[in-house]
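One structure is given here, and the rest of the page talks about it.
The values are calculated or read from the model by the stated rules, or taken from the named source; none is laboratory data. Source: prediction; values computed, not measured. All Cβ positions, glycine included, derive from the backbone under ideal geometry; neighbour counts span all protein chains shown.
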Amino acid sequence: MYNKVIMIGNLTRDIELKYLPSGAAVAKSAIATSYKYKSGDGQQKEEVCFLDFNVFGKAAEILNQYTRKGSKVMLEGRLVLEQWTANDGTNRNRHTLRVDEFKFLDSKADSMGSGGNEYNQQPQQQMGYNQNNGGYQQQNNYQQQQPAQNNMNNMQSNQGGTYNPNNVPTIDIDEDEIPF
């Protein structure tokens with residue numbers, strides 16, 4: 001079975017960062033996402049989904065440092081059923097998202113300098129076709145966990161300048177050259 005959830009939305013509250021006795025960081029919060037559609041009678045409707053999530057380790061500290069209530073993020077992980085006994089003795093349960101990867105989607109100004117950054121909490125696994133084996137072969141690339149920056153940030157550092165969205169070069173293309 002495959003259990004993978006990707007959610008894009010806004011944080012409904014600030015990150016709650018705690019540390020386990022082992023020293024590992026745990027971040028908890030919730031994400032809200034919405035889906036807009038037209039009903040059968042033509043009225044515009046909106047469904048809102050709220051989901052609690054947990055992040056562990058260095059990723060929890062990074063998420064706490066660069067986000068706040070209202071921050072737009074993409075969370076990727078797996079759905080987990082948490083079960084416990086309440087103080088009144090009743091058995092309780094709820095679904096939460098155990099986050100493995102996330103990406104900041106706010107602009108730099110909105111997210112205190114973190115726009116477009118992403119973080120992968122687990123070692124990346126790449127799938128590639130190997131003709132010598134006659135099938136697919138999985139390769140594990142274990143790398144030190146570091147935030148990855150998007151191409152725009154890399155382009156800025158390579159050019160040594162700052163990115164200005166109003167300074168986009170014009171391209172002279174004849175309509176006959178467009179393939180569609």
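If you scan the stretch 101-125, which residues turn out to be charged (D, E, K, R) and either more than 10 Å from the chain's Cα centre (by Cα) or at pLDDT 95 or above (or both)? Break it down stepwise before answering.
We begin by selecting, within the stretch 101-125, every residue charged (D, E, K, R); these are 101, 103, 106, 108, 110, 118.
Correct list: D106, K108, D110.
Within the stretch 1-67, which strands (runs of 3 or more DSSP E) (wholly inside it) include 3 or more residues that are in contact (Cβ under 8 Å) with a residue 40 or more places away in the chain and either over 16 Å from the mean Cα position of the chain (by Cα) or on the phi < 0 side of the Ramachandran plot (or both)? Before you say what the answer is, go through the steps one by one.
Details: elements: 5-11, 16-19, 25-38, 44-56.
Those strands (runs of 3 or more DSSP E) span 5-11, 44-56.
Sort out which residues of the stretch 68-84 are in a strand (DSSP E or B) and free of Cβ contacts under 8 Å to residues at least 60 places away in the same chain, and write them in order of number. I'd like the intermediate steps shown before the answer.
From the stretch 68-84, those in a strand (DSSP E or B) are 72-84; that's our starting set.
V80, L81, E82, Q83, W84, listed by residue number.
Does R98 meet the test of being surrounded by 11 or more Cβ atoms within 10 Å (Cβ to Cβ), part of a strand (DSSP E or B) and at pLDDT 95 or above?
Details: surrounded by 11 or more Cβ atoms within 10 Å (Cβ to Cβ): yes; part of a strand (DSSP E or B): yes; at pLDDT 95 or above: yes.
For R98, the condition - surrounded by 11 or more Cβ atoms within 10 Å (Cβ to Cβ), part of a strand (DSSP E or B) and at pLDDT 95 or above - is met.
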